[in-house]
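For reference, the structure discussed in these notes is given below.
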Amino acid sequence: MKKFLVMGGVFGGCALAFLLSYLYVSRPEAVQPNPAKGPPIDIAAVRAKAERGDAQAEAQLGDAYANGVGVTNNYAEAAKWYRLAADQTNAAGQYGLGQLYEAGRGVPKDLTQALKLYRQAAEEGLPGAQYTLGFMNEAGRGLPVNQAEAAKWYLKAAEQGDSLAQYDIGQRYELGVGVSVDKIEALKWFILAAKQGQLDSVARRDKLKAALTRSEITTAEHRAAAFSP
C-alpha cells in the first residue's frame, strides 16, 4: 500500500492548503502484484474460456499475467487479455488495462488512455476504478485537480463498501474538502471503515467522537447501522 500526502500549496488558498495538508489518500500502486488467496486458479480452464471469448475469463487471465499467478508475469500478455475484455465493456478488463497504461507496463505509458479506461470502468460501477478516479482527480494526475469530482467518485466507491473510499470520504466530510463539512456524516464513514479493519479510521473515529455531542454520535451510529452497500 502506498500512502500519498496531498500538499495543499498546489491548490492555492491558505485555508484550503491548511486542510489539504492533513488529507491523506491511501491507494495501491498501479499494477501492484496481488497474489490470489484461496485455491490456485485453474489457468487451463480460465484460458479455455478466454479463448472462446468469455470477457470475465479474459479479464481474469489478464490479472494472472499482470500478477504472475499461475503463469509467468508478462505485462504485454496481460494487456492483450485485458484489452479483449475491455472491448466487450468488461469493467475489470478496462480497469486492468488502465493500470497498465498508467504504469507503462506492457503498453506505452499514457495517462490520458488510463483515465479514459478508469472512467469507463467507474461508470460501469467497479469500486476500485471509482476509487482510483477519485484519487486521480484529487492529485491532479493526468487532469486538473478537482476536489468535488474526487469526492463524487470516492463517495460512489464508499457506498459500495470500499473501506479505503469510506475512510477518504470521511476525511472529506470532516474537513470540508470537495463537500460541505458534516461531522456526523464523517463519523458514519469512519465507523463503517473501521468495522472493516481500516486502521486509520479507528483513530479518526475515536478522535472525532471526542469532539461531538452524545446526540451527534448516536445519529452517526444509527446512520452506520442502517448502511447497506
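All of the numbers you see were taken from the coordinates with simple rules; none came from a lab. Everything numeric here is computed off the predicted structure, so don't read it as measured data. Positions of Cβ are generated from backbone atoms using ideal geometry, with glycine treated the same way; all protein chains shown enter the neighbour counts.
Tabulated results
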read-out: Under 15 Å from the residue 88 label point (7 Å along Cα→beta-carbon), backbone N, the stretch 67-82; value: 80-82
read-out: Projected label distance in nm at residue 116 and residue 222, using a 7 Å step from Cα toward the beta-carbon; value: 4.9
read-out: Two-site FRET efficiency, residue 199 against residue 45, from Cβ-Cβ distance with R₀ of 45 Å, rounded to 0.05; value: 0.75
read-out: Relative contact order for the stretch 33-124, counting Cα pairs under 8 Å that sit 6 or more residues apart, in percent; value: 21
read-out: Over 29 Å between alpha carbons, listed pairs 109/183; 152/183; 116/195; 156/195; 49/195; value: 109/183; 116/195; 49/195
